[in-house]
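Here's the structure we're looking at; comments come further down.
Laboratory data are not the source of any read-out in this text; all were calculated from the coordinates shown. Keep in mind that what you see is a predicted model, and the values were worked out from it rather than measured. Counting neighbours? That spans all protein chains shown, and the Cβs are built from the backbone with ideal geometry, glycine included.
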Amino acid sequence: MQYLFDNFWALTITGLTLGAVYALVALGYTLVYGVLRLINFAHSEVFMYGTFAALWVVTFLGGNATGSIAQVIFWIAMMFVAAMAMSGLIAVLLERFAYRPLRKRNAPPLIALISAIGASFVLAEIMGLREKITGWFGLDTPLATYVRNSRNNAGMPEIITPQPVFTLGDYAVTNVDIFVIVGAIAIMIMLDQFVKRSRLGRGIRAVAQDPESAALMGVNRDRVIQVTFLVGGVMAGAAAAFYMLKIGITRYDAGFILGVKAFTAAVLGGIGNLRGALLGGFVLGLAENYGSAIVGTEWKDVVAFLLLVVILLFRPTGLLGESLGKARA
Amino acid sequence: MSYAQRGMDWVRALPKPAKIVLWVLFLVFLFALPLLNIPFITTPDSDFGGVLFTVSTYVLVALGLNIVVGYAGLLDLGYVGFYAIGAYTVGVLSSLHGSWPWLWTVPVAIGAALISGILLGAPTLRVRGDYLAIVTLGFGEIVRLTLVNSQWLNGAQGISNIPRPPGAELFEVPSLDWSSGAPVVDLSNTTTFLKFGITDQIPYYWLALSVILLVLLFDKLVKDSRVGRAWEATREDEDAAELMGVPTFRFKLLAFALGACIGGLSGALFAGKAGFISPDSFVLLLSILFIAAVVVGGAGNRWGVILGAIVVGYFPERFRDFADFRVLVFGLALMLLAIFRPQGILPPRRAVRAIEADEKLEALEEGEVRV
Amino acid sequence: MLLEVNGLCVNYGRIEAIRDITFSVEEGEIVTLIGANGAGKTTTMKTISGLRPVRAGSVMFDGKDITHMPSHERPVLGISQSPEGRGCFVGMTVMENLEMGTYARPDRKSPAVKKDLERVFELFPRLKERSNQAAGSMSGGEQQMLAMGRALMAKPKLLLLDEPSMGLAPKLIQQIFDIVTEINSQGTTVLLVEQNAAQALKRSHRAYILETGEIVREGTGKDLAADPAVKAAYLGGDV
């Protein structure tokens, strides 16, 4: 307990930065759940591919800790573009190959979950086997920097050194912390406005609330679903870029734990509810940090899982309710 | 209709005495399998007895998980948790904090798995199906992380020196040698009946096979009873079953608990053979492979899931070069199956009727057809 | 002929919901399909909108074969439906619902939309009062008006109304039918599905009677209303 009080601000700020990442990934679960009523189990891999895209592009551009301001801005911008493009692409491919064929056959949700589990393993394993796979084409040597030791951790060169900006209690809040928290919130506000105001965003809401009526209004459901996966993927890509800036290390199986936590965040806030995802992400990030301060850091993941179980038992509709899709009973 | 199904129908149509003879022959064949050293089937890179034992644990686990997934329709992604609880109960009682003989620990292991199944199931079985999948996934990880972090359970180091099952050294059984192209009885390469040692894995396979037969018998009794029908009704339409007076929650819990028992039993067997267990033996991937076994084979059909377990357990051992790719291949297989054959290789005969019933219900719900 | 349905058969799985039905709607008409629960009325409407796949037969709209056209392309041609049970987007405001009606219009950004909105507000003043309220918080009658208003916002050539009077108070039913007549007199063709046969027959130019998936009778609204068999089966005396 004393540890919690002594490190309150440190725990709070790191909890919020992680929470921001959870929230961005949670948006993908929530959006897809909203329009399709199913858990996109493979969304964690969408995130993981984003982390690698960020890592690869920074490595390719030769990013390092001593760049000029212009260089750093360029590296960060490219990193976000690459991660968001990669994750968006993976999400769209996922929809095309793991979900659309099932939808055409009216498969029950559990079958879709099985397909998603399969897709999740395929995606993770392709990343984990990238050295072997590129080897088949004789590309493992030229691409060695990117594919070597594909089962191990891969680290990104640091491009911004964390610098204290101001102190809270006795924790020095760094520029990276601020960038992650503010940046994530800004992206979420943009998404919220997109869903609320744009034509496609309205299409997404219409399909989530009443797919038949939406079709009667001329909304192309397949198109909306595709856009939903794309948007969720892009959000996961942004999360991946923030994650790499803050944590800097990834691996072919890095998606799994983060995915379950982001899903927890989505359920915590009320799955299908965009603002719920934001709230759920931050609450989970904080709860996990405070909780592990009390019972020990090694139990951090257990705290998150237990929280998930407890929410599902006592408030399965989450803190804010399932708003996107409340329409259908 | 697939060839496999046609084959099964052919067997079903045989007269009873012929069936019994066929069964006995088949059983003898199964028990003799590791001694026959049949070319091609026998694994070249690893001890065939050990492989058969591994396959048998997969079969056992798949039979247990089939009760949960196939009969009751509950997607359990944390089944490895029960497997781990069974194995660790054995480890704790027989080696780490006690010195019980292996055999005595088995019922306790089953009991521990049963209790944890009820403790997990009682609160969670009320949540929606897709949520249940995630909750159980979380459960599996909680169990593993607890094993890693708990000092009392020896943390990541695991438990060693677990005693082996009790045996007796009665007589020697010879094996076959095919090196000359035709089978020859090889008296220099024998297995001691029934010695549970370190090098010769065949007796463990015999033990596992015997347990499978018992579980199969139990499975058949339960499935054909009132309980089995209640599961079927619950799986196909929970609301309708509830309306017809089936206490669906209790039956789901029963399935969950029975499944957990068999998971615990498999874990106990595994611990007794391996002699050493650690949290690394119980990763999430195992849960997924178990699910793959059940779904690939045909959830709800005991022969289907046995087939699935053999596919999942045997092929990576037979084709070692492909071991690196096995997760990739199973992932692909799950996707392809979900798309092209969601009912599995050997679907239960019910599934066909259930699909028809579903169509009728949908039409009724739309209010467009009068009965 | 604006709408021609020819030999249409629709199934649910193996079960036939409608069997070989043929009917047509002329430009400027109000045509009604009457039938008991489960006769296949809603299936017919959903099939015209493309929500149900056709097993056999054809649907022609404005001289174009639309039998297998995806549902979301049909509003562009001028087919707009107010579905059974209203189907309002309950999480959106009234205004957002009405704007959803223009989703498929090629001219959705032109001033014409504003005029149509005014017209809808003239027909349904309640919607104007409540334009910023969430659709889910409104009464059944108001939601019915919203569903009809939303369908009108698509500026349809053919308006499909599925049970607009369902679950409404008698006074409100009268009002809804008045509005249907008004919409029609402003030039929109209407295909109506009703259980309230008395009102529907009084208002329509022509009507068809559906029984267990087949058309058993057709005629002008007046003739059918006077037919003793129809009276006995559908009008039940209380006209």
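Structure notes:
- Database remark: amide H of B:Leu346 closer than 5 angstrom to the amide H of B:Gly298 (H placed geometrically; neighbours at sequence offset of 5 or more, or on other chains; Pro and chain starts carry no H).
- Per residue, the convex hull spanned by the Cα atoms of segment B:3-70 amounts to 137 cubic angstrom.
- Charge context of C:Ala207, other residues only, Cβ under 14 angstrom, K/R +1, D/E -1: 0
- Placing unit charges on the Cβ atoms only, positive for Lys and Arg and negative for Asp and Glu, gives chain A a dipole magnitude near 1280 debye about its Cα centre.
- Cα shape, the protein assembly as shown, gyration tensor, a/c 1.5 rule: oblate
- Residue among B:Leu103, A:Phe166, B:Leu33 farthest towards the positive dipole end of the protein assembly as shown, charges placed on Cβ: A:Phe166
- Bridging of B:Lys16 to lysines at a Cα separation below 29 Å is possible for B:Lys220, B:Lys223, once same-chain residues fewer than 8 apart are set aside.
- Annotation: the residues B:Leu27, A:Leu16, sorted from fewest to most other C-beta atoms within 10 Å of their own C-beta, follow the order B:Leu27, A:Leu16.
- Amide H contacts of C:Arg217: C:Ile209, each under 5 Å away and 5 or more positions distant or on a separate chain (H built 1.01 Å from N in the peptide plane; Pro and chain starts excluded).
- Per residue, the average separation of C-alpha pairs within less than 8 Å and at least 6 apart gives chain A a relative contact order of 35 percent.
- Most positive-pole-ward Cα, A:Val224, A:Ala98, A:Thr264, against dipole of segment A:2-314 from beta carbon charges: A:Val224
- Within a Gaussian network of chain C (alpha carbon springs, distance under 10 Å), most fluctuating of C:Ser80, C:Ser58, C:Ser110: C:Ser110
- This model, with +1 at the C-beta of Lys and Arg and -1 at the C-beta of Asp and Glu, gives segment A:1-134 a dipole about its Cα centre of some 660 debye.
- Across the options C:Ser139, C:Ser110, C:Asn97, the greatest Cα extent toward the positive end of the charge dipole of segment C:88-155 (unit charges at beta carbon of Lys, Arg, Asp, Glu) belongs to C:Ser110.
- ³J(HN,Hα) computed for each position of segment C:99-109 - Karplus, 6.51 cos²θ - 1.76 cosθ + 1.60, integer Hz, glycine/proline x: 5, 4, x, 8, 3, 9, 6, x, 9, 5, 9
- For C:His68, neighbours were defined as the other residues whose beta-carbon sits under 14 Å from its Cβ, and their charges (Lys and Arg +1, Asp and Glu -1) total +2.
- Backbone amide hydrogens, once placed in the peptide plane, bring B:Thr191 within less than 5 Å of B:Val173, excluding anything fewer than 5 places away on its chain.
- Helical mean residue ellipticity (222 nm; -39500 (n - 2.57) per DSSP H run of 4+; nearest 500) of the protein assembly as shown: -19000 deg cm²/dmol
- Gaussian network model of chain C, springs between alpha carbon atoms under 10 Å - residue of C:Pro75, C:Pro106, C:Pro53 with greatest fluctuation: C:Pro106
- Fewest-first sequence of A:Val231, A:Val176 by Cβ atoms within 10 Å of each Cβ: A:Val176, A:Val231
- Rounded to the nearest 20 debye, dipole of segment C:139-239 from Cβ charges on Lys, Arg, Asp, Glu: 320
- Euclidean distance between Cα centres, segment A:41-63 to segment C:155-223, Å: 59
- Phi-derived couplings, Karplus 6.51 cos²θ - 1.76 cosθ + 1.60 at θ = phi - 60°, listed residue by residue for segment A:149-158: 6, 5, 8, 9, 4, 10, x, 9, x, 6 Hz, with x used for Gly and Pro.
- Counting other Cβ atoms within 10 Å as a rough exposure proxy, the listed residues C:Glu218, C:Glu182 run C:Glu182, C:Glu218 from fewest neighbours to most.
- For the residue pairs A:Lys196/C:Lys41; C:Lys128/C:Lys171; C:Lys157/C:Lys222; B:Lys252/C:Lys41; C:Lys115/C:Lys171; A:Lys196/C:Lys128, alpha carbon separations beyond 32 Å are given by A:Lys196/C:Lys41; B:Lys252/C:Lys41.
- Of all the options C:Lys157, C:Lys114, C:Lys46, the one that moves most in a Gaussian network model of chain C with Cα springs shorter than 10 angstrom is C:Lys114.
- Distance from segment C:58-106 to segment B:143-205 (C-alpha centre basis), Å: 69
- Under 15 Å from the Cα of A:Lys246 - aspartates and glutamates, other chains or at least 8 residues apart: A:Glu158, A:Asp177
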